[in-house]
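The values are calculated or read from the model by the stated rules, or taken from the named source; none is laboratory data. Everything quoted here is computed from the prediction, not taken from an experiment. Neighbour counts run over all protein chains shown; Cβ positions are idealised from the backbone, glycine included. The area values use the complete protein model at the heavy-atom level, side chains included, leaving out ligands, DNA and RNA. Shrake-Rupley method; radii C 1.70, N 1.55, O 1.52, S 1.80 Å.
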Amino acid sequence: MEIDRRTFFAGLGGVAAVAAMADEAKAEALEHHMMLQLSVANQAATATDKKFPTAAEVEAQIGTQPSRRGTGNLFVSHTGNVKKLTPLPERPTLVDYFKQRFMATSNHCLQSANRAMQNGMSEEIILACLLHDTVQDLIKVDHGWWGAQMYEPYVSEKVSFAIRYHQALRFYEDKEHGYEYPDLYRRVFGYDYKPEPYIEATYKMVRAHKWYLEPRMVTVNDLYAFEPGVNPQLDQFLDIIGRNFKQPKEGLGFDNSPVAHMWRSISRPDSPL
Ligand SMILES: [Fe+2]
Ligand SMILES: [Fe+2]
């Protein structure tokens, strides 16, 4: 893949900023930049090439890959070997996890939260957008449910409702509220894919729920691909996190909550047991 040095350096704050970065951080940034480029290329391909696979063709790919599609991003590398992770502080906060563990998902989530903010959404929807896919660094399959569970002790019921159900709503159009079925899903699941019965049942339940618009707005502000040149920073959401996220004083992973082990697994994905 060809790297445009100017855009790459500009994205990191210029040549001087890059010079001040540690080698590990540079490698990380380069990998991230390549992922972005790849997504942009995929998006362009999606727009022009309408030849989507069938669900059966997608299914047939199992057995040709070294890992399963539901595996969390932290646990497998698609660009060579996995990298050594920087240790988290003794009492890690959401911001620490965002910066040191959510490498594969943070840009996408920041872009979604940024869009929600620009669209004048409530703080709860902005926070839900900011968190909605981060659990995919741990596990991708059923990420709405996993994500909601992982965040439940620390956010309002509305926020975890929005995170849990955005996954099911993404399969169902709602043009009235500005949501169309994405081509990305035709590519990833096959154009003739029918969601599982539990997804269909969940959709029907949420569609009739008084909080329907919470997860729906996550899907509306979600992005189907990375937007080139948009790199929102976590700083712009720190106040919203401060007001809406109950950071445990012991640190995420050490507060003895029912989900502490999920945070520890993200903190220490190299632990063999
Ligand atoms: Fe999602
Ligand atoms: Fe998303």
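With all protein chains present, calculate the accessible area of residue 263 using a 1.4 Å probe and round the result to the nearest 10 Å².
0
Quick one: putting +1 on the C-beta of Lys and Arg, -1 on the C-beta of Asp and Glu, what dipole do you get for segment 140-273 around its Cα centre, in Debye to the nearest 20?
Numbers: 17 positive and 19 negative charges, 54 e Å.
For segment 140-273, the charge dipole is close to 260 debye.
Can you compute the modelled spin-label distance between residue 177 and residue 273, with each label point 7 Å from Cα toward Cβ, in nm?
4.7
Along the principal axes of its C-alpha atoms, what lengths does segment 105-157 span, in descending order and rounded to whole Å?
Projected onto the principal axes, the Cα atoms of segment 105-157 cover 29, 24, 14 Å.
What number comes out for the charge environment of residue 222, summing +1 per Lys or Arg and -1 per Asp or Glu over other residues with Cβ under 10 Å away?
+1
Highest mean first, what order results for 93-104, 72-83, 153-164 on Cβ atoms within 10 Å?
The densest-packed peptide leads the list: 153-164, 93-104, 72-83.
Put +1 on the Cβ of every Lys and Arg and -1 on every Asp and Glu Cβ in segment 101-192; which of 103, 128, 185 then has its Cα farthest towards the positive end of the dipole?
Result: 103.
Add +1 for every Lys or Arg and -1 for every Asp or Glu among the other residues with Cβ under 12 Å from the Cβ of residue 213, and state the total.
For residues surrounding residue 213, the net value is 0.
What Rg and what Dmax come out for segment 67-112 when only alpha-carbon atoms are used, in angstroms?
Expressed in Å, the Cα Rg and Dmax of segment 67-112 come to 12.1, 32.
In terms of modelled amide H atoms, which long-range or inter-chain residues lie less than 5 Å from the amide H of residue 191?
54, 55
For residue 129, what accessible surface area do you get with a 1.4 Å probe? Give it in Å², rounded to 10.
About 0 Å², ignoring ligands and nucleic acids.
Arrange the residues 255, 270 by how much accessible surface each exposes, largest first, with a 1.4 angstrom probe.
From most accessible down to least: 270, 255.
What residues have an amide H closer than 5 Å to that of residue 179, excluding those fewer than 5 places away on the same chain, when H is modeled at 1.01 Å from N in the peptide plane?
Under 5 Å from the amide H of residue 179 lie the amide H atoms of 174, each far enough along the sequence or on another chain.
Accessible area of residue 207, 1.4 Å probe, to the nearest 10 Å²?
Answer for residue 207: close to 100 Å² accessible.
Can you give me the Kirkwood hydrodynamic radius for segment 193-273, using every pair of distinct Cα atoms, in Å to one decimal?
Working: mean 1/r = 0.0589 Å⁻¹.
Value: 17.0 Å, from the Cα pair sum.
How do 172, 179 stack up against each other in accessible area, from largest to smallest, with a 1.4 angstrom probe?
Most to least solvent-accessible, the answer reads 172, 179.
What are the lysines whose alpha-carbon lies under 16 Å from the alpha-carbon of residue 99, with same-chain residues fewer than 8 places away excluded?
26, 83, 84
Going through segment 56-100, which GluC sites (Glu not before Pro) have at most 15 other Cβ atoms within 10 Å and a DSSP loop state?
Here the sparse-neighbourhood loop sites are 90.
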